[in-house]
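So the structure is just underneath, and the comments pick up after that.
The values are calculated or read from the model by the stated rules, or taken from the named source; none is laboratory data. As the structure is a prediction and not an experimental result, all values here were calculated from the model. Positions of Cβ are generated from backbone atoms using ideal geometry, with glycine treated the same way; all protein chains shown enter the neighbour counts.
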Amino acid sequence: MVIRHGTTICESSHAPQSDTRIRIVAIGVALVMFVIVYRLFTIMILQHDMYVALAAGSQDMYAQLYPVRGQIYVQDSRMTDRYPVAINRDVFTVYADTRQIQSIDKAESIAEGLADVFHRDDEKKLAMFLQLNKRTDPYEPLEKEVEESVIQRLKEKNFAGIAWVRQAKRYYPEKDLTAQVVGFVGKDQDGNDVGRYGVEGYWQKELAGTRGFIAGATSLAGKLITLAGGSKENPEDGADIVLTIDRALQFATCKALNEGAYEYGAETGAAIIMDPHTGAVRAMCSYPTFDPNTYNQVENTAVYNNHVIFTPYEPGSVFKPITMAGAINEGVVTPDTSFYDTGERSGICQKPIKNALLKAYEWQTMTGVLENSINTGMVFVVEKLGKKKFLDYVERFGFGMKEGIQLDTEVTGTVASLSENKGNDLDCYTATGSFGQGLTATPLQLATAFSAIANGGTLYRPYIVDIIEYTDGRVERTRPVSLGDVITERTARLVSAMMVRVIDSGQAKRAGVPGYYIAGKTGTAQISGVGGYSAQTNHTFVGFGPTDDAKFVMVVKFEKPDRPWADGTAAPVFGKIAKFIMEYYHVPPVR
């Protein structure tokens, strides 16, 4: 301490420490300011685009708007009535907001009530209790595809925390009646609805429509800010499709086919009815069938296949009228041309070509060849016609190519064997092809070809979609498409008369309808496989009537029935359906 003039002056040793603290604080503030400035520079300059995008992600909204799938109808071909076979029906997903369920007792009570509403057993009731007791889950799904009647019961119960959301589901009110024709709606790998098989698959784009969207800015509460701009494109609902299928004919045909397949122990069956004057398909059935409402519960997905269009096979003797028509049209034979049958024909194939049951028919006309289904007689016919002309007629009748039916999974048969050897000399493939062996066809191809015989010689493209109705008011109607004249009207009449004799005097009497001239032909064909032909057979009957103004062409086919011949399987089923058609169309008898 220093005393000057009576004044005391104190010099503290803490003064240098205060200056140091001030400097430290100043440096700290400077560093913080530097960090803030650097961060602002980074955000506003260096990372400007990224943060704009982040801001947009939190404020902008984009949502897809889904269209309503178009419906599918069949009709009454005599009138203008239509019947839905594929529609959209509202179902509900029931869920729980478990945050609203406050106690174990409450969860137990609700689970008890839900089990009663849904008719669930104790095991399912326990599972629901465990779901309800989670307490923190805002969306715990409990039941899917719940009917509206059940939702009404839930509304009456008014369970705490139980809610539901509405969703559209494809529904098939006729169940298995048109299963393989219509197909079904399934899911793709992204979970989107997509048509599978049949009409649903082939016409997926038209039925599905076009998605729309809505885009714009939202508030912090998630609501769209109308003054902030944005855009919207409404979805375009799918088109409705009306099929050429006649509901009554479809029911009668499928019922007869299913009963026949069961009675005869067939593995599969197929039947098709066509209007020979237009190509419109009036009935198309495949056995075994399924319910498209529960398509995912089938034991074997092969049941989805439509055997009318998907399964080509060697048709056998039903092919004989096609060969005969070509030969008569070329003038190389007539119905009365004579032929002597020894029971076999050698020197063409490695083994002699023989008739069924090794029969020899001796002198026969060409009409007799069809009546008795003589294989060697058809070799005689195709030898007269020539290999090149035979192949030409086979292709003109539509074999070996897709018919272009508007259904998913159509498969073509093959006639490639007829082109194996060059030249016009008769070879084994041509000889056996004359009676339907060594080439393949589908029931659809057979029906299309025989329509040309039934209508006087014109081949029409088959079709199954009658009308397409778009949501903008456009309506597209399918018009019959002629693919040209295959044979003359005279040839068609002659072959038709020969086929009438097959039923009246030949092997197919059970296919006839009393009071009418019905034309037809049986086919019992061995099934080829590894190492040659097996003892198992395919049975087919093809026919049409009445012959003066045919109302229908029909093919009935069974795979591997437990009966030996088609005249005891496919023929009686054909006759039963043909009788129904005559009554349905009120066709007056003429004989």
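Examine segment 367-376 for a residue that is of a type in the set (D, E, K, R), at positive phi and assigned by TED's automatic domain parsing to the domain that holds Val486, and state whether such a residue exists. Checked segment 367-376: no residue is of a type in the set (D, E, K, R), at positive phi and assigned by TED's automatic domain parsing to the domain that holds Val486. Quick check on segment 394-413. Is at least one of its residues touching a Lys or Arg at 6+ places or on another chain (Cβ under 8 Å) and either of a type in the set (Gly, Ala, Ser) or over 30 Å from Phe184 (Cα atoms) (or both)? Yes, some residue in segment 394-413 is touching a Lys or Arg at 6+ places or on another chain (Cβ under 8 Å) and either of a type in the set (Gly, Ala, Ser) or over 30 Å from Phe184 (Cα atoms) (or both). Remark: Ala525 matches the filter, which requires a residue to be in the same structural domain as Thr278 (by TED's automatic domain parsing) and in contact with an Asp or Glu (Cβ under 9 Å, 6 or more places away or on another chain). Within the set Gly347, Gly368, the sole residue that is part of a helix (DSSP H, G or I) and over 40 Å from the mean Cα position of the chain (by Cα) turns out to be Gly368. Among the numbered conditions (1) out of contact with any Gly (no Cβ under 6 Å at 6 or more places or on another chain); (2) crowded, with 21+ Cβ neighbours inside 10 Å; (3) small (Gly, Ala, Ser), the only one that Gly316 does not meet is (1). If the condition is being within 30 Å of Gln102 (Cβ to Cβ) and touching a Leu at 6+ places or on another chain (Cβ under 9 Å), then segment 164-196 contributes only Trp164.
Residue under question is Gln536, and the condition is that it be assigned to a strand (DSSP E or B) and farther than 23 Å from Arg396 by Cβ; does it hold? Taking the combined requirement at face value, the residue satisfies it. Could you go through segment 575-585 and let me know if any residue there is of a type outside the set (D, E, K, R), in a helix (DSSP H, G or I) and over 29 Å from the mean Cα position of the chain (by Cα). For segment 575-585, residues of a type outside the set (D, E, K, R), in a helix (DSSP H, G or I) and over 29 Å from the mean Cα position of the chain (by Cα): present. With the condition kept exactly as written, say whether any residue in segment 400-412 is of a type in the set (Val, Ile, Thr), under 19 Å from Gln437 (Cβ atoms) and within 22 Å of the chain's Cα centre (by Cα). Yes, the conditions are met somewhere in segment 400-412. The sole residue among Asp105, Asp90, Asp137 that is surrounded by fewer than 13 Cβ atoms within 10 Å (Cβ to Cβ) and more than 30 Å from Ile464 (Cα to Cα) is Asp105.
The rows are residues; the columns are (1) in contact (Cβ under 8 Å) with a residue 40 or more places away in the chain; (2) of a type outside the set (A, V, I, L, M).
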| site | (1), (2) |
| --- | --- |
| Ser109 | no, yes |
| Asp116 | no, yes |
| Asp121 | no, yes |
| Leu126 | no, no |
| Asn133 | no, yes |
| Val146 | yes, no |
| Asp176 | yes, yes |
| Gly186 | yes, yes |
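Got a sec? Which of Leu54, Leu65 is under 27 Å from Pro235 (Cβ atoms), modelled with pLDDT under 80 and not acidic (Asp, Glu)? One residue alone meets the criteria, Leu65.
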